[in-house]
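J.: Just dropping this structure here.
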Amino acid sequence: MKHWVYVAAIGASLASPVAAQELSEERIKELALEAILENPQIVMDAVAILREREAEAQVASAAETLANQRDLLERDENAPVLGNPDGDVTVIEFFDYNCPYCRRAKPTIEGLIAADPNVRVVFREFPILGDDSVLAARAALAARAQGMYEEFHWALMALSGRINEAQIMQTADDLGLDVAQLEADMQSDAVTMHIETSLSLAQSLGISGTPSFVVGETILPGLVDQARLEELVAQERSDG
């Protein structure tokens, strides 16, 4: 307890205007350093407090986003929707085409859509794994202009290893997309806006990895099985 008494004494002395004036900035630093050297646990305690405050702030930010940005999350016309566009429950996925866990989530999403004719799945392209991921996201979003997003999305998700520009364009060509038009549409404002919105929403929600899912008030980071998503969808229906 000695170091707490010592720190308390420093605080008490600084509380006095006269004492504070008499202590130079250099002396204040010396006193603080002496307290830390006497018990380094002070630093660990301070870090723990900071982390706790950051976590509390992130929870508050996520709650605010879920409350105030619901339409943008679930009804953004600039975001692809699979399943039933008029479905009563929305599942949102943040993903990256170069994320192996996102690829493992592919059958989960396909299974959810097949099993539930009244679910809608909103895809948020969230390319955080490098330039090739950004290219893949831009190409997939650009495929919407040719009515081929869904086919292109699943085809990219079916690739193995790290995908590159050549593979992306070859996949587009194999599907019968107009590659020249695709390349032009990849630079459109709509494509750029979608990715920027995904990044902004992810930051507000505390999402930093892929895949991540949002169902109602629940944020699920990481790979989730179909049963868990179905459970949350059922819960949303009962709550609604």
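J.: Please pick out the residue among ASP86, ASP96 that is open to solvent by 70 Å² or more (accessible area, probe 1.4 Å), at pLDDT 95 or above and under 26 Å from ALA140 (Cβ atoms). Show your work before the answer.
T.: Details: ASP96 fails: open to solvent by 70 Å² or more (accessible area, probe 1.4 Å).
From the options ASP86, ASP96, the qualifying one is ASP86.
J.: Only one residue in GLN203, GLN235, GLN187 is farther than 23 Å from ALA158 by Cα, among the polar types (S, T, N, Q) and loosely packed, with under 13 Cβ neighbours inside 10 Å. Which one?
T.: On the way: GLN203 fails: loosely packed, with under 13 Cβ neighbours inside 10 Å; GLN235 fails: loosely packed, with under 13 Cβ neighbours inside 10 Å.
Matching residue, one of GLN203, GLN235, GLN187: GLN187.
J.: Which one of these is out of contact with any Cys (no Cβ under 7 Å at 6 or more places or on another chain), open to solvent by less than 70 Å² (accessible area, probe 1.4 Å) and modelled with pLDDT under 75: LEU66, LEU31, LEU73?
T.: Working: LEU66 fails: modelled with pLDDT under 75; LEU73 fails: modelled with pLDDT under 75.
Just one listed residue meets the conditions, LEU31.
J.: Among the candidates ILE168, ILE219, single out the residue that is under 27 Å from LEU135 (Cβ atoms) and of a type in the set (A, V, I, L, M). Can you show your working first?
T.: On the way: ILE219 fails: under 27 Å from LEU135 (Cβ atoms).
Matching residue, one of ILE168, ILE219: ILE168.
J.: Quickly run through the range 71-129 and pick out the residues that are basic (Lys, Arg), in a helix (DSSP H, G or I) and within 18 Å of MET148 (Cα to Cα). Explain how you work it out, then say what you get.
T.: Here is the first cut: in the range 71-129, the ones basic (Lys, Arg) are 75, 103-104, 106, 120, 124.
Filter once more, keeping what is in a helix (DSSP H, G or I): 75, 103-104, 106.
Within the range 71-129, just LYS106 meets the criteria.
J.: Then there's this: Restricting the search to the range 178-208, which residues are modelled with pLDDT of 95 or more and not in a helix (DSSP H, G or I)?
T.: Correct list: ASP178, MET186, GLN187, SER188.
J.: Would it be correct to say that ALA172 is open to solvent by less than 60 Å² (accessible area, probe 1.4 Å), part of a helix (DSSP H, G or I) and farther than 30 Å from LEU66 by Cα?
T.: Working: open to solvent by less than 60 Å² (accessible area, probe 1.4 Å): yes; part of a helix (DSSP H, G or I): yes; farther than 30 Å from LEU66 by Cα: yes.
It is true that ALA172 is open to solvent by less than 60 Å² (accessible area, probe 1.4 Å), part of a helix (DSSP H, G or I) and farther than 30 Å from LEU66 by Cα.
The values are calculated or read from the model by the stated rules, or taken from the named source; none is laboratory data. Being a predicted model, the structure only gives us computed values, none of them experimental. Here Cβ is always computed from backbone atoms with ideal geometry, including for glycine, and neighbour counts include all displayed protein chains. We work out accessible area using only protein heavy atoms, side chains counted, and drop any ligands, DNA or RNA first. Shrake-Rupley method; radii C 1.70, N 1.55, O 1.52, S 1.80 Å.
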